[in-house]
Number of protein chains: 2
Amino acid sequence: MEELRKKLENLKKFFKGKKVIVAYSGGVDSSLIAKIASDTTETLAITIDNGFFSDDAIKKAEIRAKKYGIKHEVIKLDAKMHELDDLIAQLKKNPTNRCYLCKKIMAIILVNEKEKLGYDLIVDGTIYDDLFEDRPGIKAFREHGIKSPLAEFKISKKDVYELSNYLDIEIPKKETCLATRIRFNQEITGEKLKRVEMAEKFLSKYIKGTLRVRDDDGIARIEVDKDEIEKFFSEEFIKIVVDELKKLGFERVSLDLEGYKRPLKNNIHKNIL
Amino acid sequence: MEELRKKLENLKKFFKGKKVIVAYSGGVDSSLIAKIASDTTETLAITIDNGFFSDDAIKKAEIRAKKYGIKHEVIKLDAKMHELDDLIAQLKKNPTNRCYLCKKIMAIILVNEKEKLGYDLIVDGTIYDDLFEDRPGIKAFREHGIKSPLAEFKISKKDVYELSNYLDIEIPKKETCLATRIRFNQEITGEKLKRVEMAEKFLSKYIKGTLRVRDDDGIARIEVDKDEIEKFFSEEFIKIVVDELKKLGFERVSLDLEGYKRPLKNNIHKNIL
């Protein structure tokens, strides 16, 4: 605990006297860094809403910021920054470097806000553990001068949980990027992201645990935890699911017979799903 | 029956004295026309094996030809006719005019054989009913001068069955084109066609009725008749299927929750599946 308190002090020292923008998703890591910054200095947490996270996730991020007294702003990615047009067009094609492009777009917006509002630096919630994974988003943020104090001060996932506990910050449910539901090189559209979001919301009423509705070029493929597959051993339930997902715009509705499988760690950016 | 016998006489008259190549798949229509031609005049039935039909289907076509005394040859589509390179490259990309391109390639090979071997004409098994459907393959054959005597003499599906019966020709099981398992614009490869073929062969041991294993860019999607879906209501059976299909090279294995649906008639070339 002594060591952890030391790390917290280092973080506070790091922020002291600076005006800080936090790239804030509402997740456990960025919530922690936003709270520490906000308790220490003038801080603005910014969530960029590009449609890749559910409306629920954005709303929860807002509620959390309010709850912990963090000044917060959501910036919707719309077509007002024309310097982004080309990057957005690339991103929509859903190339394998999707994560990098997405974070690059976010970084440009954040840097723009920083300059416009006269802030001193931008930080994100990257932790020490993340440095050992292949995370192309980190690279994009680094290229735009965004700092990762949690990583710099060697704060691990375990430390994040302990510090959150110490600072009385609730651990939020993990939100995942909806773009991961769409296969690489199949176009990302708002319509596709929305129907994935709605389909998962609908199924979550029936399914426990992990749940993904993949969009394989218009075909829904439902992934659930292995022990939840038997919920589909019912003609009635199948009919309910098929009817609803087709109403949402899926052409066909299928069930992945293996169910959800966590991707390999070192492949996480490809599959974080 | 009198009218039918008249139609048969017309067909025989049509063939008389000509050396005929029949585009022969082993299906009910081309078997009938091949038999009638072969009983009347010098006839060579040619099956072009481009990998789109299962090895079983090709073998059955050979056995049928032998059984009915029809001279028969299988031409494997390999890279010896360089004038086809461009068309084959187009076809492999699996565009929406796949059926047209496929038949065009067949037509060119057939015309080449006709000239090489000194035959007078090429016929196919197109029947009268087919003319009222949107069949892009017919167009390709027409463009290369291939005749459709069954259609010309207004022989309907019903007539085909009656004539086959009259001539003592067994009705074969319908074979379908394996390329239809691959979604448009997803590359057709020999490997994909082969694993679809193997997967369907494997599943046919367990599943009755219609059975399709679609390849959605490496993801197997199994379609069975609605009343066969409950076979999958078993963890054990799912395990058997997943293990086998993954062994065949599929990345993921899914079950279509609606099961097989016959496509609309006027859409048949898009979906004949």
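The values are calculated or read from the model by the stated rules, or taken from the named source; none is laboratory data. Note that the structure is predicted; figures quoted are calculated from it, not measured. Because the Cβ atoms are built from the backbone with ideal geometry, glycine has one as well, and the counts that use them run over all protein chains shown.
What are the residues in the range B:178-206 that are crowded, with 19+ Cβ neighbours inside 10 Å and in a loop (DSSP other than H, G, I, E, B), if any?
Residue satisfying the conditions is B:ILE188 alone.
On the given criteria, is B:LEU211 more than 30 Å from B:ALA37 (Cβ to Cβ), surrounded by 14 or more Cβ atoms within 10 Å (Cβ to Cβ), at the interface with another protein chain (Cβ under 10 Å from one of its Cβ atoms) and among the aliphatic types (A, V, I, L, M)? Let's see the steps before the verdict.
Numbers: more than 30 Å from B:ALA37 (Cβ to Cβ): yes; surrounded by 14 or more Cβ atoms within 10 Å (Cβ to Cβ): yes; at the interface with another protein chain (Cβ under 10 Å from one of its Cβ atoms): no; among the aliphatic types (A, V, I, L, M): yes.
It is false that B:LEU211 is more than 30 Å from B:ALA37 (Cβ to Cβ), surrounded by 14 or more Cβ atoms within 10 Å (Cβ to Cβ), at the interface with another protein chain (Cβ under 10 Å from one of its Cβ atoms) and among the aliphatic types (A, V, I, L, M).
Can you find, within the range B:164-177, the residue that is nearest to B:SER254 (Cα to Cα) among those that are out of contact with any helix residue (DSSP H, G or I) (no Cβ under 6 Å at 6 or more places or on another chain) and assigned to a helix (DSSP H, G or I)?
Residue satisfying both the conditions and the ranking: B:ASN165.
Mind telling me which of the residues B:ILE88, B:ILE33 ends up being within 18 Å of the chain's Cα centre (by Cα) and modelled with pLDDT under 95? Steps first, answer last, please.
Values: B:ILE33 fails: modelled with pLDDT under 95.
After applying the criteria, what remains is B:ILE88.
Listed residues B:SER54, B:SER38; which is at pLDDT 95 or above and not aliphatic (A, V, I, L, M)?
Working: B:SER54 fails: at pLDDT 95 or above.
Result of the check over B:SER54, B:SER38: B:SER38.
Which of the residues spanning the range A:244-253 are more than 10 Å from every other protein chain (Cβ to nearest Cβ) and either assigned to a helix (DSSP H, G or I) or more than 17 Å from B:LYS261 (Cβ to Cβ) (or both)?
If the condition is that a residue be more than 10 Å from every other protein chain (Cβ to nearest Cβ) and either assigned to a helix (DSSP H, G or I) or more than 17 Å from B:LYS261 (Cβ to Cβ) (or both), then A:GLU244, A:LYS247, A:LEU248, A:GLY249 are the ones that fit.
Out of B:ILE75, B:ILE48, B:ILE63, B:ILE70, I need the residue that is assigned to a loop (DSSP other than H, G, I, E, B) and among the aliphatic types (A, V, I, L, M). Which one?
On the way: B:ILE75 fails: assigned to a loop (DSSP other than H, G, I, E, B); B:ILE48 fails: assigned to a loop (DSSP other than H, G, I, E, B); B:ILE63 fails: assigned to a loop (DSSP other than H, G, I, E, B).
When all the criteria are applied, what remains is B:ILE70.
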